[in-house]
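Novice: Just dropping this structure here.
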Amino acid sequence: MTTHIAIVGAGIAGLAAARRLRTAGIACTLFDKSRGLGGRMATRREGDLRFDHGAQYFSARGPRFQSAVEEWCEAGLAAEWFEGAYVGTPGMSGPARGMLAGETVVGGCRVTALRRLATGWMVLTAEGPVATPGNGAFSAVILALPAPQIVPLAATAGLAMPALDGVRYAPCWALMLGYSAPTRFDWDRIRPEDGAIAWIARDSAKPGRSGATECVVVHAAPDWSRQHLEHSPVDVAGALASMLHDRYGIAGETMFAAAHRWRYALVEQPTGTPCLWDAGSRLGACGDWCLGPRVEAAFDSGEAMAEVVIASQGAGHGI
Ligand SMILES: Cc1cc2nc3c(=O)[nH]c(=O)nc-3n(C[C@H](O)[C@H](O)[C@H](O)COP(=O)(O)OP(=O)(O)OC[C@H]3O[C@@H](n4cnc5c(N)ncnc54)[C@H](O)[C@@H]3O)c2cc1C
């Protein structure tokens, strides 16, 4: 039987897993509920405006991620912003778009359940069941999602994930502001040490952006985001914009203002293991919740997941 893996989640963890599996000659189909792929390495477009409203930059500490970042920089998909801090180009989703080349991706498709068949796995989506064209079932499934989204999906196949019980995420409200000309700012980023705002970035000053219009992203601090988690995006946008003005003197006429709620933004309590693998069912799980709140941690987890799947083929565990 042909090996064909279903990966649910086309964030950096799912993409890293797919990339490594492909180098071992293993085919994958990636599913993502969002049309804009890359997960929290996200770029939101509004006309000519571009906002990195999720991850702001990434560092590369380990050799494997360093080599991936070097490749992205050479391919024009990433660039150094300040010392040791890289961004995707022309937006944070740049590396994801590069990694998707050659992959089979089903975007805008929410996976709602998993079914175990005698021959492997069936993936059920909001649009209906999906099976691989060649053999009628996926030989393994990788869930590359935030931990709280893995648990209910694994449960649809009768699998418990007790290792994920202790994982905790901090939420984050992100405010995106596009300023009308002639507003120009003379700073690139501000990292307040306390208060309701944790981060202010001039996205238009990052490398590879057009810079024609000022685009600013503000991230609320975890405590403030928690307290206001269920408030409306309009109210949150107003509150954060007022703080930006009152506390930091950042003001100007805006042509665009919107708030985005990241319910699972930054891992506060990871499992500390690179990935999870249930050899009996051939279901795996990976993501930043394994190793920490960073793009690199999610990448490393995805690669570790792929290594486990590759090793399981050699060990003769194929379905
Ligand atoms: C506001 C914010 C700021 C951050 N700042 C930084 C930073 O400066 N530096 C840094 O290194 N990291 C930062 N991070 C963290 C970093 O972005 C993440 O750790 C990393 O991108 C996680 O990747 P992932 O692949 O594990 O998960 P994700 O990127 O969340 O990918 C999961 C994917 O699964 C999809 N999905 C979910 N459910 C389903 C379903 N049922 N069916 C199909 N698809 C589904 C989602 O659409 C998503 O694309 C930040 C994150 C946020 C939100």
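The values are calculated or read from the model by the stated rules, or taken from the named source; none is laboratory data. If you're wondering where the values come from, they're calculated on a predicted model, not measured in any experiment. Note: ideal-geometry Cβ built from the backbone for every residue, glycine included; neighbour counts use all protein chains shown.
Novice: For segment 61-72, name all the residues that are surrounded by fewer than 16 Cβ atoms within 10 Å (Cβ to Cβ) and farther than 19 Å from Ala306 by Cα.
Specialist: Across segment 61-72, the qualifying residues are Arg61, Glu70, Glu71.
Novice: Name every residue in segment 19-61 that is in a loop (DSSP other than H, G, I, E, B), more than 9 Å from the ligand (Cβ to nearest atom) and out of contact with any helix residue (DSSP H, G or I) (no Cβ under 9 Å at 6 or more places or on another chain), in order of residue number.
Specialist: Gly25, Arg35, Gly47, Asp48, listed by residue number.
Novice: Looking at (1) without any contact (Cβ under 8 Å) to a residue 24 or more places away in the chain; (2) within 30 Å of Glu253 (Cβ to Cβ); (3) of a type outside the set (A, V, I, L, M, F, W, C); (4) touching a strand residue (DSSP E or B) at 6+ places or on another chain (Cβ under 6 Å), which is the one condition that is false for Asp186?
Specialist: The one condition Asp186 does not meet is (4).
Novice: Is at least one residue of segment 36-59 farther than 19 Å from Asp203 by Cβ and at pLDDT 95 or above?
Specialist: no
Novice: I would also like to ask the following. For segment 162-216, what are the residues that are surrounded by 20 or more Cβ atoms within 10 Å (Cβ to Cβ) and closer than 30 Å to Trp277 by Cα?
Specialist: Those that are surrounded by 20 or more Cβ atoms within 10 Å (Cβ to Cβ) and closer than 30 Å to Trp277 by Cα: Val167, Tyr169, Cys172.
Novice: Given the criterion of a type in the set (D, E, K, R), surrounded by 19 or more Cβ atoms within 10 Å (Cβ to Cβ) and in contact with a strand residue (DSSP E or B) (Cβ under 6 Å, 6 or more places away or on another chain), identify the matching residue among Arg263, Arg282.
Specialist: Going through Arg263, Arg282 in turn, the sole match is Arg282.
Novice: Given the conditions (1) part of a loop (DSSP other than H, G, I, E, B); (2) over 30 Å from Phe138 (Cβ atoms), and given that Ala79 satisfies all but one, which numbered condition is not satisfied?
Specialist: All conditions pass for Ala79, except number (1).
Novice: Further, regarding this structure: State the number of residues belonging to segment 275-303 that are within 12 Å of the ligand (Cβ to nearest atom) and of a type outside the set (Phe, Trp, Tyr).
Specialist: The qualifying residues number 18.
Novice: Tell me yes or no: at least one residue of segment 130-139 is closer than 27 Å to Pro233 by Cβ and either at pLDDT below 90 or surrounded by 15 or more Cβ atoms within 10 Å (Cβ to Cβ) (or both).
Specialist: no
Novice: Next question, about the same structure. If you go through segment 222-261 one residue at a time, how many are of a type in the set (A, V, I, L, M, F, W, C) and farther than 24 Å from Phe185 by Cβ?
Specialist: 2
Condition check ((1) closer than 22 Å to Pro152 by Cα; (2) assigned to a strand (DSSP E or B)) across all residues:
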| residue | (1), (2) |
| --- | --- |
| Ser225 | no, no |
| Leu229 | yes, no |
| Asp235 | no, no |
| Ser242 | no, no |
| Arg247 | no, no |
| Gly252 | no, no |
| Arg261 | yes, yes |
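Novice: Only strands (runs of 3 or more DSSP E) wholly contained in segment 125-189 count here; list those with 3 or more residues that are in contact with a Ser or Thr (Cβ under 7 Å, 6 or more places away or on another chain).
Specialist: In segment 125-189, the matching strands (runs of 3 or more DSSP E) lie at 168-179.
Novice: Hey, among the residues in segment 256-274 that are more than 7 Å from the ligand (Cβ to nearest atom) and among the small types (Gly, Ala, Ser), which one's farthest from Phe138 (Cα to Cα)?
Specialist: Once the filter is applied, the top-ranked residue is Ala257.
Novice: Please give the number of the condition Gly98 fails out of (1) closer than 25 Å to His53 by Cα; (2) in contact with a Ser or Thr (Cβ under 9 Å, 6 or more places away or on another chain); (3) assigned by TED's automatic domain parsing to the domain that holds Glu303.
Specialist: Failed condition: (2).
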